[in-house]
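Okay, structure first, notes after.
The values are calculated or read from the model by the stated rules, or taken from the named source; none is laboratory data. Please read these numbers as outputs of a predicted model, since none were measured by experiment. Quick reminder, even Gly has a Cβ in these numbers, built from the backbone with ideal geometry, and neighbours come from all protein chains shown. Note: accessible area is taken over every heavy atom of the protein model, side chains too, but ligands, DNA and RNA are not part of it. Shrake-Rupley method; radii C 1.70, N 1.55, O 1.52, S 1.80 Å.
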Amino acid sequence: MDDLRHYQAELEIQNKALRFSQTAAEGAYERFVTLFSCVPLALMVVNASGQILENNARALALLRPLESDPPLAFLFPLVNETHLSQVMQGFSTATEVGTCELNELQFSGASNGFFTGDLHIARIDNAQDDAISFICAIIDQGPLIAQRSALQASADTLQQRNAELLQSKTRLASIINASLDAIMCVDQHQRIIVFNPTAASLFHCPEDQALGRSLSDFLPDAVRALSYSDITSHAQLGEMTGITGDGEVVPLDVSLSFEHRSDGDIVTLFAHDLTARKKMEAHRAALESQLRESQKMQAIGTMAGGIAHDFNNIISAILGNVELAREDVQADSTVATSLAEIDKAGKRARDLVRQILTFSRNDPPHRSPLQLADVVFDTTRLLKVTMPPNVNLQVDIDPQTPTIMADSTQIEQVLLNLCTNAVQAIGKRKGTIRLKLGHTRRLPEDGTERRSGLRGQHVRLTVSDTGPGMSEAVLQRVFEPFFTTKPVGQGTGLGLSVVHGIMRAHHGKVEVQSSPGNGSTFTLYFPITDNPTPFAPPVVVPSPLVPSQAGTGQRVMYVDDDEALVFLVKRLLTRKGYAVTTFTNPRHALEALRAAPMQWDLLVTDFNMPGYSGVDLIRDVRLVHPKLPTALASGYVTPEIERDALAAGANALIHKPNDADELCSTVQKLLSDCHLDSPAN
């Protein structure tokens, strides 16, 4: 009985323990069910064949959200076919290892379509049952993937913007480096932080040496403008002076731009080099000055032509009356000697006027075989008239000098320009001007310009003086147009430039040698011609008192507005045997011709008459008497006047002033030529 009671007590104790274990198991199961149902994860209990034994509400809401969706029975059909083998392999792994985690699988959510989620598999160990089951948790990765996609898109956008920013910075750097203007950026302390290649070239300072330096080292005017001006964005500072690394001054046009930053403002300066524009402005000013000088020279030429008209008439009257007076006196009388001197002086005045008119014209050169010694002699004869007494003129001419092709008038102009400059260089001191003419086989080897006509034998003409000489700086510009060392109003700067231009037109060259205190020497080189003409020294022979060929009563009409000249010509031609009718008004002469067209054999008219020129008279006479011989007389015959006169019907041109014999010979020749050309002959 005792044993039985003892056994019963043990059973009661075991029964209490069993009830306690059952109560604990029921509580644990309830907690598991509660946890299984309420956890925010899609949980399922799946056996080895994929059958879903249990599932919580989250799994049902994720996989079968609607009542119309098929029941949640098997896991494998819920997996996308592309991931099915991966899931089955995961179950095998969980069977062996206990757990397996599969990421980003495609599941079918029935009405919700497919979604992406992670699958966590854990083996459930059940000692009472040999069947293997698994608890599976599906974590929806849709929000995370959307967030990840958004982050990736943001990262792509940020990367694209960074690339665009880098491209913009590269483009900006290329623009700055390729800019034709100097670009400099300075910080709030006015220290240079950007210095483009144009700035480095403009300021003669490499970029690495300019960075960090003060802006005042290059643009001090800009520093002062920044300190005194309230500039907030953009500003045009205008023309300023820049200083290069070598200390040179450069004119610049400066503008700037402000960039406001939290760590300090950045100022960008743009500097445009004005050196080329300054040179162009100076060149334009020089051209305008040259134009004014040219217009002045043209006005002088026009004035010279007007003066020469009256002066020629005076000289013609003097020479004509001298000739008439010489015919009325004995050849060996003292009066004849005085008249001869008057005649000589009048002819020198005539030559001087012709020389002035020649220089005032713009005629092209008429080159012909020329003995340069003749030109030198004629020029020295003109020079001696105006040469001051303190200057000694020496002439050394080689009689074997070959002939050249040249325009004698232009060569005279060259010699007069050089000799005039020499006289002005000597000034009031005593000095010597020497003209030396010769020839040589070769040019000196000085490395200067070579022309085809100067490669062989050539003529050399030297004009030297004992003046103060010229410095090297003056020698470099001596042939520039309008460059002169004379005071204002005493020189035009055209003389030597004209010399240089004439020598080039003659295929020659001019050289100058000079130094301070040693005078100056100008050497002219001319190519020789193939037709040599020996030099014959001029011989002064008194004018013979041989009467020219007399007329035979031919009727001559002479028209000129100068009464003294009309009176002289009438006396002169009447004494030579012509019947002369004179008019001082060309319109009266035309009326007389219209009244009796066949009464005259020759018409000689002056060109320059007020209101009605000689060309107009000849043109109107041609309408009245087409075959009447006509001649136009003028002391200023330009190519335009000659062209208009010949077009109007003039048979000849008479250059005034002329002496009696020359005038009579011209009249006789015109009458003879027209007589031979008439139909009766």
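Structural remarks
- Loop-resident trypsin sites (Lys or Arg not before Pro) (DSSP state other than H, G, I, E or B) in the stretch 175-281 with no more than 14 further Cβ atoms inside 10 Å of their Cβ: Arg261.
- Asp125 contributes an accessible area of around 120 Å² to the protein surface, as traced by a 1.4 Å probe with all chains present.
- Spacing of the two label points (7 Å from each Cα toward its C-beta) at His655 and Thr432, in nm: 3.6
- Across Lys669, Lys576, the residue with the most accessible area heads the list, and the full order at a 1.4 Å probe is Lys669, Lys576.
- Under 5 Å, built H, 5+ apart or other chain: amide partners of His204: Gly245
- The residues Ile145, Ile342, sorted by heavy-atom accessible surface at 1.4 Å with ligands and nucleic acids left out, run Ile342, Ile145 from largest to smallest.
- Global geometry of the stretch 34-131, whether rounded, prolate or oblate, following the gyration tensor of its Cα atoms and the 1.5 cut on a/c: oblate
- Accessible area in the full protein assembly, largest first, 1.4 Å probe, for Phe20, Phe567, Phe76: Phe20, Phe567, Phe76
- Legend: residue pairs Lys576/Lys656; Lys347/Lys627; Lys384/Lys570; Lys384/Lys576; Lys278/Lys428; Lys576/Lys627, Cα-Cα distance threshold 29 Å; pairs beyond threshold, Lys347/Lys627; Lys384/Lys570; Lys384/Lys576; Lys278/Lys428.
- Shape analysis of the stretch 576-645 yields a ratio of the Cα radius of gyration to the Kirkwood radius, Rg/Rh, of 0.95.
- Heavy atoms of Thr420 accessible to a 1.4 Å probe, total area in Å² rounded to 10: 60
- For peptides 1-8, 386-393, sequence by mean Cβ density within 10 Å, most packed first: 386-393, 1-8
- Accessible surface for Val566 stands near 10 Å², nearest 10, in the context of the full protein assembly shown (1.4 Å probe).
- Calculated SAXS-style log₁₀ I(q)/I(0) at q = 0.16 Å⁻¹ - the stretch 114-229, Debye, Cα scatterers: -0.89
- Rounded to 0.05, the FRET efficiency of the Leu166 and Ala286 pair, given R0 = 35 Å and the Cβ-Cβ distance, is 0.10.
- Virtual spin-label span in nm between Asp208 and Glu81, 7 Å along Cα→Cβ: 6.9
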